[in-house]
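The values are calculated or read from the model by the stated rules, or taken from the named source; none is laboratory data. Bear in mind the structure is a predicted one, so any value in this text is a computation, not a measurement. No Cβ is skipped: glycine too gets one built from the backbone with ideal geometry, and neighbour counts run over all protein chains shown. Remember, those area values only see protein heavy atoms, side chains included, never the ligands or the DNA or RNA. Shrake-Rupley method; radii C 1.70, N 1.55, O 1.52, S 1.80 Å.
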Amino acid sequence: MKVLIVHAHPEAKSFSSALRDLAVETLQGQGHEVRQSDLHALDWNPVASAADFGERQNPDYLVYALEQRESVKAGNIAPDIQRELDKLLWADLLILNFPLYWFSVPAILKGWIDRVLVSGVCYGGKRFYDQGGLAGKKALVSLTLGGREHMFGEGAIHGPLEDMLRPLLRGTLAYVGLEVLPPFVAWHVPYISNDAREDFLRAYQARLQGLERDQPLEFPRLEQFDERLYPLAR
Ligand SMILES: Cc1cc2nc3c(=O)[nH]c(=O)nc-3n(C[C@H](O)[C@H](O)[C@H](O)COP(=O)(O)OP(=O)(O)OC[C@H]3O[C@@H](n4cnc5c(N)ncnc54)[C@H](O)[C@@H]3O)c2cc1C
């Protein structure tokens, strides 16, 4: 299997970075090919802007997704985007590895999503969910967070973690056609003992070693909807 790990933590010695290092070591140890995009090391530009395109389809008014579609076809999308897109298309499995920031992904990772999941390649028209441009590939989200496990869930103070990850798991990864595996979560990371953190590392390693057995999460399939995307009567 070919694996792309997109990592978004500003500190190379962080626990999140240790999860990334472990994933590289474990997956390579199993004979998988692994490539990485360490966004801070790349000094990744997260801002989607007109500078992402060479010759513009419409120089007077920027419709970002439209220009993405045209410039990727013409081969004049920004080189940093093209490099990441090539890695993404190469991979069978995409791992997003990050600390939770404000119930969401860090801005640098959000900007990777905005710029690299290019319209016309990853989605567009009715190419979404099971018909998305990245159908046939898988995705795994691996995250650390500050909160304790009991603070998340139905009736808990922050509500279910799945709700806060919905824009990522459903609105992004499933939307572009990826089969989304259940996330790996390391809770309360800065406040627990070293032993407890090492337990998370062991659990992650076991998870990575058994990825083939993981059941993907359920998302809509276009066959469940009519031409105008109204749900079909069941
Ligand atoms: C802007 C912002 C927004 C945030 N929003 C949220 C939020 O909405 N919800 C929430 O719950 N949290 C939130 N947090 C907290 C954040 O998610 C956590 O602080 C972060 O996920 C912890 O992971 P880390 O990798 O940064 O830990 P680090 O602080 O880097 O590491 C924790 C400890 O692990 C040690 N460590 C490193 N490597 C290893 C190893 N191999 N084995 C054992 N120990 C090791 C480190 O030395 C350190 O002592 C937010 C933080 C920020 C900055």
- request: Treating only the Cβ atoms of Lys and Arg (+1) and Asp and Glu (-1) as charged, compute the dipole magnitude of the chain about its Cα centre; round to the nearest 20 debye.
  value: 220 debye
- request: Whole Å is fine, so just give me how far the alpha carbon centre of region 25-76 lies from that of region 176-234.
  value: 24 Å
task: Work out the charge dipole of the chain with +1 on the Cβ of Lys and Arg and -1 on the Cβ of Asp and Glu about the Cα centre, then indicate which of Pro106, Ser37, Gly177 is farthest towards its positive end.
output: Gly177
- line: With a 1.4 angstrom probe the carbon and sulfur portion of accessible area for region 170-220, in percent, totals 48 percent
task: May I ask you to give the solvent-accessible area per residue for the chain, in square angstrom, as obtained with a 1.4 angstrom probe?
output: 52 Å²
- request: Hey, can you grab everything whose amide H is under 5 Å from the amide H of Lys138? Only 5+ residues off in sequence or another chain; H modelled, so Pro and N-termini drop out.
  value: Leu93, Leu94, Glu179
statement: About its Cα centre, region 49-126 carries a charge dipole, from +1 on Lys and Arg Cβ atoms and -1 on Asp and Glu Cβ atoms, whose size in debye to the nearest 20 is 180 debye
statement: With the 8 Å Cα cutoff and a minimum separation of six or more residues, the chain has a relative contact order in percent of 21 percent
message: On C-alpha positions alone, give me the angle between the axis of helix 79-90 and the longest principal axis of the chain, in degrees, nearest 10.
response: 70 degrees
query: Lys/Arg Cβ at +1, Asp/Glu Cβ at -1, dipole of the chain taken about the Cα centre: which of Leu232, Thr26, Ala8 is farthest positive-ward?
result: Leu232
task: Treating only the Cβ atoms of Lys and Arg (+1) and Asp and Glu (-1) as charged, compute the dipole magnitude of region 86-212 about its Cα centre; round to the nearest 20 debye.
output: 400 debye
task: Show the residues, 5+ positions off or on another chain, whose built amide H is closer than 5 Å to the amide H of Gln36.
output: Ile5
